[in-house]
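Comments concern the structure below.
Nothing in this text is a laboratory measurement; each read-out follows from the coordinates by a stated rule. Remember, it's a predicted structure, so these values are computed and weren't measured experimentally. Ideal geometry is used to build each Cβ from the backbone, glycine not excepted, and the neighbour counts take in all protein chains shown.
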Amino acid sequence: MPLRAKVASSVSRTAAALSRAAGRGDGSVIGGWIGLKIDPDLLAHLSAGRAIALVSGTNGKTTTTRLTSAAVGVLGRVATNSFGANMPSGHTSALAKAGSTPYAVLEVDEHYLAQVLEATEPHVVALLNLSRDQLDRAKEVAMMAQLWRAALVRHTDVRVVANADDPLVVWAATPPGDPARGINPPHVTWFSAGQRWHDDSWVCPECGSTIQRSGEQWWCTGCPLRRPEPHWVVEDEGVLDPTGAWHKVSLQLPGKVNLGNAATALAVAAEFGVRPVDAVSRLGIVTSVAGRYAQVDKDGRNIRLLLAKNPASWLEAFDMADDAPTLLSINARDPDGLDTSWLYDVDFAPLRGRQVLITGDRAYDLAVRLDVNDVPFQHVRTFDDALRSVPPGRLEVIANYTAFQDIRAELDRVI
Amino acid sequence: MSSESLRIVWIYPDLLSTYGDRGNALILARRARQRGMPVEVLEVRSDERLPATADIYLVGGGEDGPQALGAQRLLADGGLHRAVAQGSVVFGVCAGYQLLGTSFFAKGVQCRGLELLDLYSDRGESRAVGELAGEIDPRLGLPPLTGFENHGGRTHLGPEVSPLARVTAGVGNDSATEGAWRGKLLGTYSHGPALARNPALADLLLRWATGAHQLPPLDDTWSDRLRNERRSAVAAARA
């Protein structure tokens, strides 16, 4: 490593430690930010010599990254940005902090995938899904698929693990090659994790025609784009691998969506040569991910934290939550997106019959939504008020990003 | 009303539903039912024929590609034009508002609109993203408009339409006026579930559809709190 990079890396680690000691944060961003100021190529220097997997998509990337790290851990030490700090500063911090490791698994914000591909030259990139999320700020969903596709054209040597159920991902993962210049399309391994949310993929990204669906199959009515045959498939409580062998997956994380994330993790690990039979037991050691799914006991209540950032992840959260009192908290600060319109893309009917409490900066938006949805609720000002309003036992908390962080802070930054 | 029940058509949810547009159909249906009106909500996909006999048509927001495709299909279908000729109500939001005019821009190309409203849209220098507020045309007798906008278009009104509102915060059509209306057609840049923050506007559409001069009041406690909170937020941002 060049001297400048060594200095940058060391300063980065110190800043991160200071940030944690001062109680200002996880230290997962600030260190990398400072390091990159000293050496703009620091991420590339820190990546050199490691076999790296990148994980990107709208939903599930933090959890999939965590599960993938556990699976790849069969082979040796793995550096990872496990606090969800998923931009280049977070990657830089994570690699600097981990020191020398043979492997790294990095969660990447979908907007930064092209840049991080360039800097880290990964062995594998996993593409999970693309759905609407923070539309006031994020690029429109189809535009994101176009950016991914353009990035992969420049990195045809990378192995791609991609979601066969998402038409936008399939299109992004299969850019045309250029045989005249000796450029082959990337090698893609397809997985099927089941997908509840379809509303962002009715129009073909290739030709603009309607996409038809029947069961798990989908196809474009105007061009050859259609669902590829997946190599890895979720089946019952386990995963079918490409050889047809079925592996039971026992997770401590709830919901079918996490079984899908586990299938993805096994597929990515297999690209490093990890056999699913060796990796599958390690997936069961993951209990919570940056506070998500964490359970905290307080005042006789067993509080479980579920993060739901966008319509697709709310549907998954309702699937995971027990039939118990439920607190919903909504903010609309910068990291959440300033627009609350998406509330009407979520059907809250599964909450009928449960005791529902609402809080957060934008509780009134939620109140109007629940009213229209015929879901009775009670508005509370604080998390403590919520605790006092429910009987002892399980309290499910479903919150969007900054609301989740606020509640996590109340519970002493549970991880 | 055209039949026993109030018929609401949500046009092309497969194309024009980027920002919680379903909310407008849900809110209209609920407010009608609370007044004892039977309601039928039809979701008509872009590969289906549009019925010409419904009472209220909703055209929502969408990305550029779907917006252009939606306008093409509506022109080819002709159902919305027949419905308007028969006096149906049309409520257009964002991309759905633009495509009611004579032309709009999508993916850098000028596209033909439905020519139901005398207006056209082009591209602004910057995207308008944030809170939108305005004083509504006094002839409509409504409290101030509140909403969230997110669009790159600027809309120019012709003499046949009136602005829906005079802008007090945000951009709307051109930073001076916002939205447009003529007869029983109304469009706004207040995107997505615009009626959630503007229940009086929902009731206006219901009155237009039913011919009722007045509707029994409803308990709008939560909408009122939301409106007040948004008004304070806009005022605080300006101070």
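Okay, here's what the table says:
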quantity	calculated
Residues B:Ala176 and A:Gln146, FRET efficiency given R0 of 41 Å [Cβ-Cβ distance, rounded to 0.05]	0.75
Rg/Rg_globular for the range A:32-143, with Rg_globular taken as 2.2 N^0.38 Å and Rg from C-alpha atoms	1.03
Options A:Gly244, A:Val289, A:Phe272, ranked by Cα towards positive dipole end of the range A:224-298, top entry (Cβ charges)	A:Val289
Residue exposure sequence - A:Cys207, A:Cys220 - by fewest surrounding Cβ within 10 Å	A:Cys207, A:Cys220
Magnitude of the charge dipole, the range B:62-144, Cβ model with Lys/Arg +1 and Asp/Glu -1, debye to 20	280
Taking B:Tyr120, B:Tyr12 and counting other C-beta atoms within 10 Å, the order from fewest to most	B:Tyr120, B:Tyr12
Net charge of neighbours whose Cβ lies under 14 Å from the Cβ of B:Ala235, counting Lys and Arg as +1 and Asp and Glu as -1	+2
Net charge contributed by nearby residues that have their C-beta within less than 9 Å of A:Arg362 (K/R +1, D/E -1)	-4
Using θ = phi - 60° and Karplus 6.51 cos²θ - 1.76 cosθ + 1.60, couplings along the range A:182-191 (whole Hz; Gly, Pro as x)	x, 9, 9, x, x, 7, 10, 9, 9, 10
Helix-only mean residue ellipticity at 222 nm for chain A, each DSSP H run of n ≥ 4 adding -39500 (n - 2.57), per residue, nearest 500	-10500 deg cm²/dmol
Residues whose placed amide H lies under 5 Å from that of A:Val203, excluding near-sequence neighbours	A:Ile211
Around A:His247: net Lys/Arg minus Asp/Glu count, Cβ-Cβ under 13 Å	-2
Selection from A:Ala193, A:Ala79, B:Ser175 lying farthest towards where the dipole of the protein assembly as shown points positive, charges on Cβ	A:Ala79
Rounded to the nearest 20 debye, dipole of chain A from Cβ charges on Lys, Arg, Asp, Glu	1220
Base-10 log of normalised Debye intensity for the protein assembly as shown (one unit scatterer per alpha-carbon) at q = 0.08 Å⁻¹	-0.63
Amide H within-cut-off set for B:Arg123, under 5 Å, with H built and near neighbours excluded	B:Arg154
Label point distance in nm, A:Ser281-A:Ala245, each placed 7 Å from Cα along Cα→Cβ	1.4
Stokes-Einstein D in µm²/s, Kirkwood radius over Cα pairs - chain B at 10 °C with 1.306 mPa s viscosity	90
Cys with no candidate disulfide partner in the protein assembly as shown (beta-carbon separation under 4.7 Å rule)	B:Cys94, B:Cys111
The range A:295-410 - charge dipole about Cα centre, Lys and Arg +1 at Cβ, Asp and Glu -1, debye rounded to 20	280
Segment A:Glu206-A:Arg381, extension gain: residue separation times 0.36 nm, minus the distance between their alpha carbons	58.2 nm
Estimated [θ] at 222 nm from DSSP helical runs (n ≥ 4, -39500 (n - 2.57)) normalised by residues in chain B, nearest 500	-9000 deg cm²/dmol
Fewest-first sequence of B:Leu164, A:Leu36 by Cβ atoms within 10 Å of each Cβ	A:Leu36, B:Leu164
Two-decimal Rg/Rh across the range A:3-283, once Rg and the Kirkwood Rh are taken from alpha-carbon atoms	0.98
